[in-house]
Amino acid sequence: MNIELARPDDLPELLDFLYAAFRAGNPDHPRFEALFPDLFAPAAEAMARHQIIRKGGRIVSCVGTYPMTVRIAGCRVPAAGLGQVSTAPDMQGHGFMTQLLAAAARRMEEEGAAVSWLGGRHDRYGRHGWELVQDGYVFSFSGGALRAMDENLLVSSAPGSAAEISEAMFAMRDAATGVEDAPESYRIRLGRGEAEVWTAHRRKTDAVAAWAVVLPKARRVADFCGTTDGVIQIAKSAALRHGSLSLPASGADKGLLERLRAECAYMRIGSQMLRIVSLVRTLAAYRPLVEAAMPSGCGATLRMTRGEAPAEEVVLGAGGRAIELDPKRMARLLFGPERAGDVPGVPADLHWLNAVFPIPFTIPELFHV
Ligand SMILES: CC(C)(COP(=O)(O)OP(=O)(O)OC[C@H]1O[C@@H](n2cnc3c(N)ncnc32)[C@H](O)[C@@H]1OP(=O)(O)O)[C@@H](O)C(=O)NCCC(=O)NCCS
């Protein structure tokens with residue numbers, strides 16, 4: 001079976017193909033150029049993110065892999081999002097998706113990803129190596145039951161297409177948990193889901209304290225940065241406007257988590273489908289966090305089996321006993337939601353692992369694929 005990379009000329013056919021494949025199960029499914037304007041530019045680089053299979057000349061199956069660097073708790077994690085998994089309705093059940101998922105996994109490995117994530121069914125993607133792990137916490141604010149606002153902050157909002165994001169505002173993202181991006185592509189991303197940009201200014205100085213991207217129909221915060229006070233003021237104000245609002249926050253942002261918990265109406269644990277593409281690269285990316293949490297004198301060797309391929313090993317701390325897990329169990333050990341010691345296959349007496357794992361991983365919705 002021949003797997004190709006899509007080219008700029010394929011764009012109209014690919015968009016029609018994706019729409020037909022997804023609309024078959026959901027008549028209200030939006031077209032993909034509206035859903036993800038940033039992923040479907042008629043440029044060679046953007047198009048080549050899509051691996052396709054043709055039969056009789058037409059596209060019958062597709063998968064997209066989208067590399068991005070996630071900044072989290074001072075670590076830079078090379079990750080690859082997986083999306084646009086689709087087969088033409090009349091060609092399903094012939095193993096096209098299965099072949100493309102394997103090709104996508106090979107590609108992510110070659111391109112240097114540490115982890116891969118997707119939004120999709122666990123019963124489907126679980127069979128292909130992705131596992132449910134914790135993706136931070138989701139806090140909900142209700143528009144009717146808000147406590148007093150902070151008088152020192154003024155909040156305003158604008159449609160994403162008209163929002164003024166200054167260089168200084170954009171630079172605030174560098175200190176936040178999130179995905180690295182350039183201002184130009186970020187602007188295109190703001191075309192997603194009728195996004196609004198909300199900004200909290202300090203009343204006295206007019207300085208921007210925080211800003212956030214809100215998806216009004218979904219009533220969710222899709223990305224944010226800035227001070228905790230500013231973020232909370234925006235969440236409350238947007239909840240008042242839209243009736244309610246949810247804000248997903250990373251497990252890494254401890255101070256923010258405390259304040260959100262104190263002010264929210266509800267909280268739940270977020271989840272994500274994640275695959276460890278490379279154990280070595282994952283633990284290299286998270287090294288500052290892992291080293292800071294390692295209790296002195298403790299150690300173990302993590303060994304991840306990989307089917308026919310040789311196992312990958314990483315020595316933690318002083319080294320020692322090997323903990324051998326398949327990639328799905330390893331994903332649970334590293335990223336939760338259970339405590340490391342509760343993951344099947346982890347020796348019960350290695351309590352110190354609970355001080356190191358789980359490590360946080362969060363993808364803001366503005367970067368979902
Ligand atoms: C989901 C989808 C991509 C599957 O594509 P496909 O090419 O039919 O997938 P495969 O043939 O590889 O596998 C189809 C099923 O048959 C099984 N299968 C795998 N290899 C097979 C083969 N050689 N022959 C027959 N069946 C096979 C799989 O278990 C799979 O089950 P699943 O649908 O629960 O995952 C397709 O149904 C689709 O486009 N759906 C609409 C869009 C969508 O929902 N995409 C997923 C978004 S998260």
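Bear in mind that the values in this text are calculations on the coordinates, not laboratory data. Treat the numbers as computed from the prediction; the structure is a model and nothing was measured. Cβ: placed from backbone, ideal geometry, glycine included. Neighbour counts: every protein chain shown.
Tabulated values for the structure
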| item | result |
| --- | --- |
| Summed residue charge, Cβ within 10 Å of V63's Cβ, Lys/Arg positive, Asp/Glu negative | +2 |
| Gyration tensor (alpha-carbon) shape descriptor, segment 144-242, a/c threshold 1.5 | oblate |
| Sequence ranges 306-313, 278-285, ranked by mean other-Cβ count within 10 angstrom, highest first | 278-285, 306-313 |
| Net length gained if the chain between R339 and K217 were fully extended (0.36 nm per residue, minus Cα distance) | 40.4 nm |
| Mean separation of Cα contacts under 8 Å (6+ apart) over length of segment 191-331, as relative contact order % | 14 percent |
| Phi-based couplings in Hz for segment 211-227 (Karplus 6.51, -1.76, 1.60; Gly and Pro marked x) | 8, 8, 9, 10, 9, x, 5, 7, 6, 10, 7, 9, 5, 7, 7, x, 6 |
| Charge sum, other residues only, whose C-beta stays under 13 Å from A168's C-beta, Lys/Arg counted +1 and Asp/Glu -1 | -3 |
| Amide hydrogen neighbours beyond the local backbone of A322, cut-off 5 Å, H modeled | T301 |
| P(r) histogram, all alpha-carbon pairs of segment 1-80 included - 10 Å bins from 0, percent | 17, 44, 28, 10, 2 |
| Computed magnitude of the charge dipole of segment 1-79 (debye, nearest 20; Cβ of K, R +1, Cβ of D, E -1) | 260 debye |
| For segment 3-113: relative contact order, % (alpha-carbon pairs under 8 angstrom, 6 or more apart) | 25 percent |
| Descending semi-axes in Å of segment 275-356, equivalent ellipsoid built from Cα gyration tensor | 18, 14, 12 |
| Span-rule helices in the chain, defined as complete DSSP H runs reaching 20 Å or more along the axis (Cα) with Kyte mean at least -1.0 | 96-110, 228-242 |
| In sequence order, calculated HN-Hα J values of segment 155-161 (Karplus, 6.51, -1.76, 1.60; Hz; x Gly/Pro) | 10, 9, 9, 8, x, x, 5 |
| Spatially proximal aspartates and glutamates relative to K328 (Cα-Cα < 19 Å; intrachain offsets below 8 disregarded) | E109, D123, E131, D135, E308, E312, E313, E338, D342 |
| Segment 30-42 - phi-based ³J(HN,Hα) in whole Hz, Karplus 6.51/-1.76/1.60, Gly and Pro as x | x, 6, 6, 5, 7, 6, 10, x, 6, 8, 10, 7, x |
| Candidate lysines - alpha carbon under 23 Å from K236, same-chain residues fewer than 8 apart omitted | K204, K217, K254 |
| Estimated distance in nm for a label pair at Q99 and R23, the labels positioned 7 Å out from Cα along Cα-to-Cβ | 2.7 nm |
| Fully extended contour minus Cα-Cα distance, from R124 to V280, at 0.36 nm per residue | 53.5 nm |
| Cut-off under 5 Å, modelled amide H: who pairs with C298 long-range | A318 |
| Alpha carbon convex hull of the chain, volume per residue in cubic angstrom | 146 Å³ |
